[in-house]
Ligand code: GLY
């Protein structure tokens, strides 16, 4: 009897030992307990978003992809726009939450039409387009055909990598905002987001080339886009022969030296994701630095939804283009930058020390609460069917200023789902 008890004790001890690494790992991802009132808000927001996307779906013809709602009109694009993946991706998050088969049916119909995009090599946006759509579909259903489409897309994206520069070229070429110069190898901070597709392809195929390209691109971005204070340039133009930096500037921010809010958000999210894939501490430091710049900025409003640029109208920041900072008053916010940042913070909180993780998570909760309030979240049946209001696309070009944007919705839905997953 005694021996039997001893055996049980030893057995339990061994079991505990075996379980230890697992529970530590699990704990690492969710040090902070989700709060019940935030969970309730998240559930309510997802329910409301399901209703809203049913309404959005009704407004659309099968070949129309929703982009924004301006002057009382729904604006749509083709799936070839850089935003093509966000609508099916958002539908898939909502299906994952609700198990509503009508949303899944709509997502699948959109995915079918997006398959030919896998061979696009005209720009860097393929990661956004294919990983947010087929990446989520593969995550949920693990269909080999989705994997094959993602790998083919990664091949297309990798063709834009130039080893002389060490980067993926974002656009073929673009004129500087003052119209005086042609940038021939522009790389934008947004490009960090496309790297997730490459990491996926290496894991799916066992071929390291994709991930090697992603890591090199991230290293060059860390070196040449990120400033010493952890804000970032939007665009870096390279000399393709020598790999030297030719200029650092903006296309969508207030000035070349300002902090464009969505660019900052792409950086926080992008470097967090690259740290997840590499476990290289340099990328974690960069993600943290960029997050702290955003969260500690004296010009971040109380509700923590940033202005479209942190430096609009400030001394020392001069637009390279003919722009009156008082043109839009009050200064427009960018709910998309907030949504991207919340989603990133919920992941980053699991990679840092406990105190910092607590701070990131509590800030993410506050931002989620702002976004889910009537100030930003639309009433069902309004806002053209989009969930969020008050995002800003390209203010310098007077494009999509203070409107709903499909990518604000996508990252908001992702953040809600990430928060929801904390309780498991
Ligand atoms: N990637 C384009 C944008 O953030 O506006």
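The values are calculated or read from the model by the stated rules, or taken from the named source; none is laboratory data. In this text, all values refer to a predicted model and were calculated from it rather than measured experimentally. A quick note on method: Cβ atoms are made from the backbone with ideal geometry, for glycine too, and the neighbour counts reach across all protein chains shown.
For segment 378-395, what are the residues that are within 11 Å of the ligand (Cβ to nearest atom) and over 14 Å from residue 75 (Cα atoms)?
Filtering segment 378-395 for residues within 11 Å of the ligand (Cβ to nearest atom) gives 391-395.
Matches in segment 378-395: 391, 392, 394, 395.
Of the numbered criteria (1) surrounded by fewer than 24 Cβ atoms within 10 Å (Cβ to Cβ); (2) within 23 Å of residue 89 (Cβ to Cβ); (3) more than 15 Å from the ligand (Cβ to nearest atom), the one residue 368 fails is (1). For segment 366-398, the tally of residues that are within 19 Å of residue 306 (Cβ to Cβ), in contact with a helix residue (DSSP H, G or I) (Cβ under 7 Å, 6 or more places away or on another chain) and assigned to a helix (DSSP H, G or I) stands at 4. For segment 259-299, the set of residues classified as within 16 Å of the ligand (Cβ to nearest atom) and not in a helix (DSSP H, G or I) consists of 259, 260, listed by residue number.
Residue by residue through segment 40-67, note down the ones that are assigned to a helix (DSSP H, G or I), under 23 Å from residue 79 (Cα atoms) and under 21 Å from the mean Cα position of the chain (by Cα). Answer for segment 40-67, where residues must be assigned to a helix (DSSP H, G or I), under 23 Å from residue 79 (Cα atoms) and under 21 Å from the mean Cα position of the chain (by Cα): 49, 50, 53. Checking each residue in segment 397-420 for being modelled with pLDDT under 95 and away from the ligand (no atom under 11 Å from the Cβ) picks out only 398. Answer yes if at least one residue in segment 341-352 is in contact with a helix residue (DSSP H, G or I) (Cβ under 8 Å, 6 or more places away or on another chain), in a helix (DSSP H, G or I), within 16 Å of the ligand (Cβ to nearest atom) and under 30 Å from residue 320 (Cβ atoms), and no otherwise. Checked segment 341-352: at least one residue is in contact with a helix residue (DSSP H, G or I) (Cβ under 8 Å, 6 or more places away or on another chain), in a helix (DSSP H, G or I), within 16 Å of the ligand (Cβ to nearest atom) and under 30 Å from residue 320 (Cβ atoms). For the criterion of being assigned to a helix (DSSP H, G or I) and under 22 Å from residue 266 (Cα atoms), residue 214 passes.
Filtering segment 112-129 for residues that are free of Cβ contacts under 8 Å to residues at least 24 places away in the same chain and either touching a strand residue (DSSP E or B) at 6+ places or on another chain (Cβ under 6 Å) or over 30 Å from residue 224 (Cα atoms) (or both) leaves a non-empty set.
For every residue, the table says whether it meets (1) within 19 Å of residue 167 (Cα to Cα); (2) surrounded by fewer than 23 Cβ atoms within 10 Å (Cβ to Cβ); (3) at pLDDT below 95.
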| site | (1), (2), (3) |
| --- | --- |
| 232 | yes, no, no |
| 235 | yes, no, no |
| 246 | yes, yes, no |
| 269 | yes, no, no |
| 274 | yes, no, no |
| 289 | no, yes, no |
| 306 | no, no, no |
| 323 | no, yes, yes |
| 326 | no, yes, yes |
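A count restricted to segment 220-243 and to residues that are farther than 15 Å from residue 293 by Cα and over 19 Å from the mean Cα position of the chain (by Cα) stands at 11.
Of the residues 196, 219, which single one is surrounded by fewer than 24 Cβ atoms within 10 Å (Cβ to Cβ), in a helix (DSSP H, G or I) and within 16 Å of the ligand (Cβ to nearest atom)?
Numbers: 219 fails: within 16 Å of the ligand (Cβ to nearest atom).
None of the other options fit; the residue is 196.
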